[in-house]
Number of protein chains: 2
Amino acid sequence: MDEKADKEGEEFKVVSEGLEQKRNVAWRTFLTAHAAAIEKIERDLAEAEVLPLSWYDVLLALYEAPDHKLRMHELAGAILVTRGGLTRLVARIERAGLLSREPDPDDGRGLHAVLTGEGLESLRSTWPVYAGGIAEHFGHHLTDEEVEVLDRALRRVLAAAREG
Amino acid sequence: MDEKADKEGEEFKVVSEGLEQKRNVAWRTFLTAHAAAIEKIERDLAEAEVLPLSWYDVLLALYEAPDHKLRMHELAGAILVTRGGLTRLVARIERAGLLSREPDPDDGRGLHAVLTGEGLESLRSTWPVYAGGIAEHFGHHLTDEEVEVLDRALRRVLAAAREG
DNA sequence: CAAAACCAGTTGTAGATACAACGAATTGCT
DNA sequence: AGCAATTCGTTGTATCTACAACTGGTTTTG
């Protein structure tokens, strides 16, 4: 770790070259802002004793689906989790009574995860807390225009990841 | 789950009320874009058999510190992880020889995590892959102006989380 | 129609994280 | 100096996740 090594090191640092530099810096900001905001919001949710984000995501996906039900693999795709992980996540939520699993009559392999009344109730009680967290730790710090730009830009990032 | 329940349900959906709506939609875009981009980049890193992001973060933080060393709690703060988690993460990285732990001569409780030559080498071989991933899955999809806005806006989000 | 290929969901295993409780060391107060 | 409070890092425990192998059901194909 001598002088020379340090000098060469500059070449790979995130803060490095010309135009790319700003994108890399923005990437780091993106990562840390995400981590920090998520942490705050999860803490708010835990303190209010409502659903954690992972459960909320599952139940909201079901809520938004036709008949409030989805096949397991559809659900896995909707919330960006592996099928294996989803099996256990859904099992936990089912154990809490917030959704139920029903066999698909048209496909013996398949299961539907279905939102229960209790699950809907949990969504309702969680949302105000979640919305408050989003506002306090995210939305409140952005101008209307920034919200617009951010949404539009990140949609392209998302679309690219979905395709590639 | 009758008609009435559905109608009331609209009230708590993320796509809901006036001005707040756009911020909530942007929040969801923010979350999913982050998850999708991270997943792609982690996959690139794994395929290239270089460091995963969590290790990279630790080693980069050390690299950027004076003498390439940091106390454990400083490191924990720098990469947004709990101390308990850091203990094990650092243990794994140390086992791989990419950093070493040295007692702090000035404080018997404290340890320094120090970047090793091998760790520096790993950082160097990882960065091109990482940079490629950032460009492909993030930077490439944004205009200069969007990068600017995004960085500026998310810095405020980050700062707020750091304070509050 | 039977065998192969494929697909859905689960499970074994390993790894990683958070929270809280702990032991060791330091600091501050009197 | 001496004791209480604080800080540092680790560890016990519980949760949670991913990956790959596996079971059972479905579709394809010769």
Accessible surface, per residue, of the range A:20-163 when the full set of protein chains is kept, probe 1.4 Å, Å² | 48 Å²
Counting partner chain Cβ atoms within 10 Å of every residue's Cβ in A:110-120, what's the average?
-> 1
The size of the Cβ-based charge dipole (Lys, Arg +1; Asp, Glu -1) of chain B about the Cα centre, to the nearest 20 debye, is 440 debye
Each residue of A:125-138 has, on average, a number of other protein chain C-beta atoms within 10 Å of its C-beta equal to 4
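For chain B, rounded, prolate or oblate, judged on the Cα gyration tensor with a ≥ b ≥ c (square roots of eigenvalues), a/c < 1.5 rounded, else prolate if a/b > b/c? Present the calculation step by step, with values, prior to reporting the outcome.
Working: a/c = 2.36, a/b = 1.84, b/c = 1.29.
The shape class here is prolate.
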Taking placed amide H atoms and a strict 5 Å upper bound, the residues 5 or more places from B:T116 or on another chain that come that close are B:L99, B:S100
Where the label is 7 Å out from Cα toward Cβ, how close does B:D144 come to the same position in every other copy, in nm, shortest first?
-> 2.8
Work out Dmax and Rg for the protein assembly as shown from the C-alpha atoms and quote the Rg first, both in angstrom.
-> 22.0, 72
Find every distance from the label point of B:E118 to the corresponding label point in the other copies (7 Å from Cα along Cα→Cβ) and write them in nm, one decimal, shortest first.
-> 5.2
Distances from A:G97 to the same position in the other copies: list them in nm, one decimal, shortest first, using label points 7 Å from Cα along Cα→Cβ.
-> 5.7
Quickly work out the A:T82-to-B:T143 label distance, labels modelled 7 Å from Cα along the C-beta direction, and quote it in nm with one decimal.
-> 4.0 nm
Cα-based Rg/(2.2 N^0.38 Å) for the range A:17-104, rounded to two decimals, is 1.43
Dipole of the protein assembly as shown (Lys/Arg Cβ +1, Asp/Glu Cβ -1, origin at the Cα centre): which of A:G119, A:P103, B:N24 lies farthest to the positive side?
-> A:P103
By the scheme Lys and Arg +1, Asp and Glu -1, what is the net charge of all other residues having a beta-carbon under 14 Å from that of B:E47?
-> -3
Hey, what number do you get for the protein assembly as shown at 222 nm if only DSSP H runs of n ≥ 4 count, each worth -39500 (n - 2.57), divided across all residues, to the nearest 500?
-> -22500 deg cm²/dmol
Number of Lys pairs in the protein assembly as shown closer than 30 Å at Cα, excluding neighbours under 8 places apart unless interchain, is 28
Cα-centre dipole for the protein assembly as shown with unit charges at Cβ (Lys and Arg positive, Asp and Glu negative), debye to 20 | 640 debye
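The values are calculated or read from the model by the stated rules, or taken from the named source; none is laboratory data. Here the structure is a predicted model, which means the values were calculated and not measured. In this analysis, Cβ positions are derived from the backbone assuming ideal geometry, glycine residues included, and neighbour counts consider all displayed protein chains. In case anyone asks, the SASA skips ligands and DNA or RNA and just uses the protein heavy atoms, side chains included. Shrake-Rupley method; radii C 1.70, N 1.55, O 1.52, S 1.80 Å.
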